[in-house]
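This report refers to the structure that appears directly beneath it.
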Amino acid sequence: MTPTPPLPTTGPAPAAAAAPAPVAPAGPRAGRRLRPGVAVTPLRAGLHLRGRRGSVTLEGSAALPVLWRSLEGPLRDGRLEELLAALEPGSGVRAAVETLVGQLEAHGLLAEEPAGPGPVARWVAESAERPGAAAAALAGTRAEVVAAAPDGPLARAAGRALALALPLGAAAVTHTADPGLPDGRILLTARGAGPERAVAAGLSGGSGYVTAPGSAAQVRSDAEALETRPASPGPAAATASVALLAGAAAHRLLCAAAGLADPAGEGGDERLLPGLPAVLLADTGPLRADYRTWLGPLRLDADRRADLGPAATLAEALRRVTALGDERCGVLPLPLPEDLRQLPVPLAALAGPGAPAAGAPRLDLARLELFCRTAELHLGGAGFTVGANPAHARGRALRTAAARHRAQGPAAGTAVPAADWSGHPQVRHWWRTLTLRLAVPARLEVHRAAPDREAYHAVVRCTADGRPLGEAVEATPGDAAAFAALAAVAAASGAPGRTPPSGGAAAPLAAAGARTAVWEDDGWTGRWLAGLAAREEALQDALRALAGEPRPVRAPAPTDPELLDLLRAFGFTVLHAPEEAR
């Protein structure tokens with residue numbers, strides 16, 4: 001029987017082997033074996049294999065499960081090369097075996113080196129790219145547990161966890177007293193062939209933490225900063241939390257010493273931002289632990305100074321907003337719906353009575369808008385513009401500058417007839433909501449921002465006293481009128497009064513990767529945002545030319561330099577001089 005070579009259908013592959021080719025290996029390679037813990041599920045015409053490092057589904061022949069029964073034993077025992085040598089070169093069976101083995105390698109399910117006997121060796125063989133090298137690194141590692149009281153419960157538990165994992169056991173672990181450390185904090189260090197690595201852990205009241213691995217100076221700084229954060233209420237130092245924190249700290253330190261991936265990245269938690277360190281936070285009431293993205297106030301190590309690139313999509317930007325607004329590790333309040341009504345307009349607000357709010361066509365856009373405004377206020381207010389990427393920041397800054405230019409300078413252009421914008425479906429919706437549903441007496445005016453530019457400025461005013469209720473600057477009269485009416489609805493629904501006309505600046509983020517149906521028109525928010533995104537670049541060009549060449553001004557100093565550094569580290573763009581928007 002000659003089985004059909006298997007074909008991969010699902011399963012994530014490493015970045016270096018995103019599209020593995022079913023080719024035979026170049027030559028015999030000793031010691032290749034299936035990683036411990038790999039589970040196999042036979043399918044009607046294929047196999048599904050899953051392990052700690054990856055998974056893959058192979059389909060293409062009903063003979064695959066039969067082939068696997070012959071292949072599994074040699075793969076688990078390290079006798080693969082013997083099996084291949086016994087197969088006729090060029091035969092269909094050998095081609096099928098080599099194709100299957102190639103897919104297992106591409107998806108991280110094979111290892112070339114045994115790590116030795118015992119549970120720690122099994123863990124290394126499951127996790128390491130090169131188990132033999134990782135095991136050798138651990139064999140040469142010496143660990144130290146530093147605490148104010150080396151016989152404290154957290155220090156003792158961490159020492160036991162390290163001794164169980166290191167080849168020399170307790171002989172490889174030393175305990176040192178450091179009166180300078182506060183009670184409840186420990187510092188674990190590992191020394192071997194590579195640079196020294198350290199992890200700090202602490203327990204206070206109902207909360208605890210484990211820092212990301214780093215230098216001793218870096219983790220001490222992280223621990224000091226984390227201990228100033230608000231802790232969750234709970235019973236003091238529960239036994240379970242001591243064991244959890246000690247085991248997690250030892251695990252992270254051993255992974256760093258062996259050159260393995262940090263455990264924070266193993267759970268597939270989409271809240272964590274790749275490329276930035278994470279801290280483990282634990283609470284005892286009830287007992288729970290999870291990783292949170294964390295950049296402390298001091299970024300001493302080189303790997304802590306790797307900044308994220310600008311966000312390309314709205315979802316990516318909001319993940320960063322969530323990390324920066326985390327109640328334990330963040331630096332700004334997190335914009336949420338709170339208890340605000342989401343009709344007639346989606347609103348996001350900060351926690352607390354009387355806190356600012358923002359409205360937008362969708363809640364995700366409102367959350368991003370409010371975060372950017374809040375960051376600007378914390379940086380110093382006027383003169384600062386924050387955006388998820390350079391184009392978003394420029395769009396927000398240019399719209400604000402254009403609105404100010406029209407308010408302070410002579411009227412540019414003439415009023416645009418209502419017939420040119422009143423038929424826009426978004427205008428009709430928001431204007432009816434404002435004047436009929438909310439019964440706000442108002443009038444809407446649209447002017448061309450400059451005689452020869454496709455940029456329009458719309459303002460909604462109260463008919464009783466003429467005060468502005470909302471304004472917008474956009475590329476078409478309909479877009480400007482719609483956003484101005486929407487801003488007025490948001491103000492009437494609970495958002496603060498007149499706000500900067502950021503309008504469609506976030507539309508390219510929202511439209512990136514989104515699909516719209518061919519039958520959608522601008523009455524559908526997704527289709528409208530896609531149209532705004534297509535017009536955004538031309539609008540920014542028009543707004544740059546509106547006010548002429550900017551005059552250099554002295555940039556205002558931020559009132560919170562740490563926040564400025566963190567925003568940029570998380571990929572946000574901060575403009576703090578008019579010429580930066582051009």
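The values are calculated or read from the model by the stated rules, or taken from the named source; none is laboratory data. Treat the numbers as computed from the prediction; the structure is a model and nothing was measured. Glycine also receives a Cβ, built like all others from the backbone with ideal geometry; neighbour counts cover every protein chain displayed. Accessible surface areas use protein heavy atoms only, side chains included; no ligands, DNA or RNA. Shrake-Rupley method; radii C 1.70, N 1.55, O 1.52, S 1.80 Å.
Being assigned to a strand (DSSP E or B), over 31 Å from the mean Cα position of the chain (by Cα) and buried (at least 23 other Cβ atoms within 10 Å of the Cβ): is that true of ALA143 here?
So ALA143 fits the description; yes.
Can you pull out the residues in the range 293-306 that are part of a helix (DSSP H, G or I) and either modelled with pLDDT under 85 or within 15 Å of GLU562 (Cβ to Cβ) (or both)?
Result: ASP303, ARG304, ARG305.
From the list ARG399, ARG320, ARG367, which one is farther than 29 Å from PRO425 by Cβ, in a helix (DSSP H, G or I) and basic (Lys, Arg)?
ARG320
Select, from ALA257, ALA315, the only residue that is in contact with a Gly (Cβ under 7 Å, 6 or more places away or on another chain) and not aromatic (Phe, Trp, Tyr).
Testing whether each residue is in contact with a Gly (Cβ under 7 Å, 6 or more places away or on another chain) and not aromatic (Phe, Trp, Tyr) leaves just ALA257.
In the range 167-178, what count of residues is obtained for those that are over 8 Å from VAL146 (Cα atoms) and in a strand (DSSP E or B)?
2
Which one of these is closer than 27 Å to ALA155 by Cα and either at pLDDT below 90 or open to solvent by less than 70 Å² (accessible area, probe 1.4 Å) (or both): GLY275, GLY247, GLY309?
Answer to the check: GLY247.
Within the range 415-426, does at least one residue satisfy the condition of being in contact with a Leu (Cβ under 9 Å, 6 or more places away or on another chain) and surrounded by fewer than 20 Cβ atoms within 10 Å (Cβ to Cβ)?
Taking every residue of the range 415-426 in turn, at least one turns out to be in contact with a Leu (Cβ under 9 Å, 6 or more places away or on another chain) and surrounded by fewer than 20 Cβ atoms within 10 Å (Cβ to Cβ).
Is it the case that PRO501 is at pLDDT below 90, within 28 Å of ALA534 (Cβ to Cβ) and either of a type outside the set (Val, Ile, Thr) or assigned to a loop (DSSP other than H, G, I, E, B) (or both)?
Criteria met by PRO501.
Between a residue in the range 472-494 that is acidic (Asp, Glu) and any residue that is open to solvent by less than 10 Å² (accessible area, probe 1.4 Å) and part of a helix (DSSP H, G or I), which pairs come within a Cβ distance under 7 Å, given they are 6 or more apart or on different chains?
Short answer, once both residue conditions are applied: GLU474/ALA480; GLU474/GLY504; GLU474/LEU539; ASP479/GLY504; ASP479/LEU532.
Please go through (1) open to solvent by less than 20 Å² (accessible area, probe 1.4 Å); (2) not in a loop (DSSP other than H, G, I, E, B) for LEU181 and return the number of the only condition it doesn't satisfy.
For LEU181, the exception is condition (2).
Going through the range 285-306 one residue at a time, which ones are open to solvent by 40 Å² or more (accessible area, probe 1.4 Å), within 15 Å of the chain's Cα centre (by Cα) and under 20 Å from HIS251 (Cα atoms)?
Correct list: TYR291 only.
Run LEU168 past the list (1) open to solvent by 20 Å² or more (accessible area, probe 1.4 Å); (2) under 33 Å from the mean Cα position of the chain (by Cα) and report the number of the one that doesn't hold.
(2)
For the range 32-85, enumerate the residues that are part of a strand (DSSP E or B), among the aliphatic types (A, V, I, L, M) and more than 19 Å from GLU126 (Cα to Cα).
LEU43, LEU47, LEU58
Report every pair of residues separated by at least 6 positions or lying on different chains whose Cβ atoms are under 7 Å apart, first residue within the range 499-518 and on the phi > 0 side of the Ramachandran plot and open to solvent by less than 40 Å² (accessible area, probe 1.4 Å), second among the small types (Gly, Ala, Ser) and modelled with pLDDT of 85 or more.
Between residues of the range 499-518 that are on the phi > 0 side of the Ramachandran plot and open to solvent by less than 40 Å² (accessible area, probe 1.4 Å) and residues that are among the small types (Gly, Ala, Ser) and modelled with pLDDT of 85 or more, the close pairs are GLY503/ALA472.
Is it fair to say ALA282 is assigned to a strand (DSSP E or B), in contact with a helix residue (DSSP H, G or I) (Cβ under 6 Å, 6 or more places away or on another chain) and either open to solvent by less than 30 Å² (accessible area, probe 1.4 Å) or touching a residue at least 60 places away in the same chain (Cβ under 8 Å) (or both)?
When the stated conditions are applied, ALA282 passes them.
What's the total number of residues in the range 563-582 that are assigned to a helix (DSSP H, G or I) and either at pLDDT 85 or above or surrounded by 14 or more Cβ atoms within 10 Å (Cβ to Cβ) (or both)?
Residues that pass the stated criteria total 10.
Of the numbered conditions (1) closer than 16 Å to PHE483 by Cβ; (2) modelled with pLDDT under 85; (3) among the basic types (Lys, Arg), ARG373 satisfies every one except a single condition; which is it?
The single condition ARG373 does not satisfy is (2).
Any idea which residue in the range 74-115 is surrounded by the fewest Cβ atoms within 10 Å (Cβ to Cβ), counting only those that are free of Cβ contacts under 8 Å to residues at least 12 places away in the same chain and in contact with a strand residue (DSSP E or B) (Cβ under 9 Å, 6 or more places away or on another chain)?
Here the residue is ARG79.
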